[in-house]
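This report refers to the structure that appears directly beneath it.
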């Protein structure tokens, strides 16, 4: 998201801007709380509609109306009480903001202490994007956000350093509550899951790897594998390499991954590679040959064969289609 106070930078050969967190004047570094009305008032609507890759979290709840929001090639329709959590590194953009009211929290992972970050699974880049809490759960997470929003807007007679610590603790409460919200998005390409059809997904698919699994309950084996894949998917797509690195058998990794995500370890790795390929094709101008090298393929032909087998489309056809639909 590009708006005043947040700078966009471009990586070499990439068209999608990488947005870094910059605190507004007079505000604490690392966290910002605002309404969608405030966002509309200070941001270029055209800029918000362009895909960006921020290095900080977006946690948004809709209070009135409906909002379309796209995250990694999946477009979600959000209605009242729907939450969306966009994590650093994911490519996303807003739809028309004029038809919705809501509240938005922007924060860097480093603003929170390590224990909170671990408990809230802040590093779970494959976590579900859309949530719909109900009953006491909904009241608890909404109360946490309201308290954070109020504190952000006033020092309340506290010294600056104390004010920042209060914000840090209140944000911790919010993300811990948000991490336990019920999931309505069904993951994969199969559309929404849960009550009714207030939240629907559409588009190219492939933006999720976890397929709606509750990774908070995932095994330590899977979590270690997931993190290793995120670090190494451009170097290896072999389950055996990760098994050797982590000290497990390939079968153990596949069982743990299937239990957490519903797919095997090899499928999990390949989906991560496909997602990054789609990001680079859709939002950058690098050739397929250059992308092939970046993702660890021997040559462009090998990459094209892999991509077409996984998506049913050649890399160039996918780029043409997704840009034509934008």
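Bear in mind these aren't lab numbers, they're just calculated from the coordinates by the rules spelled out. What you are looking at is a predicted structure, and each value in this text was computed from that prediction instead of being measured. Every residue, glycine among them, receives a Cβ derived from its backbone with ideal geometry; neighbour counts consider all protein chains shown.
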| query | residue 266 label point, 7 Å along Cα→Cβ, cut-off 17 Å on backbone N: hits in the stretch 222-246? | reply | 236-244
| message | 7 Å from Cα along Cα→Cβ at both residue 155 and residue 302: what's the point-to-point distance in nm? | response | 6.0 nm
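Can you work out the FRET efficiency for the pair residue 20 and residue 317, with r the C-beta to C-beta distance and R0 = 25 Å, to the nearest 0.05?
Numbers: r = 33 Å, r/R0 = 1.32.
For residue 20 and residue 317, the calculated efficiency is 0.15.
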| field | At R0 = 35 Å, FRET efficiency that the Cβ-Cβ distance of residue 101 and residue 230 yields, to 0.05 | value | 0.50
| query | Which whole-angstrom value gives the distance between the alpha carbon centres of the stretch 25-57 and the stretch 248-306? | reply | 31 Å
| remark: Stretched fully, the stretch from residue 47 through residue 285 gains (0.36 nm per residue minus C-alpha distance, one decimal, in nm) 83.8 nm
| Part-to-part distance (alpha-carbon centres) for the stretch 91-106 and the stretch 160-183, which is given in Å | 21 Å
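Quote to one decimal, in nm, the extra length available between residue 115 and residue 238 on full extension: 0.36 nm per residue of separation minus the C-alpha distance between them.
Values: separation 123, 0.36 × 123 = 44.28 nm, distance 3.19 nm.
Fully extending the segment from residue 115 to residue 238 adds 41.1 nm.
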| request: Assuming R0 = 22 Å, can you tell me the calculated FRET efficiency for the pair residue 40 and residue 80, based on Cβ-Cβ distance, to the nearest 0.05? | output: 0.75
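Can you sort 155, 223, 112, 104 so the residue with the fewest Cβ neighbours within 10 Å comes first? Walk me through the numbers before you get to the answer.
On the way: 155 11, 223 16, 112 23, 104 19.
Ascending Cβ contact count within 10 Å gives the list 155, 223, 104, 112.
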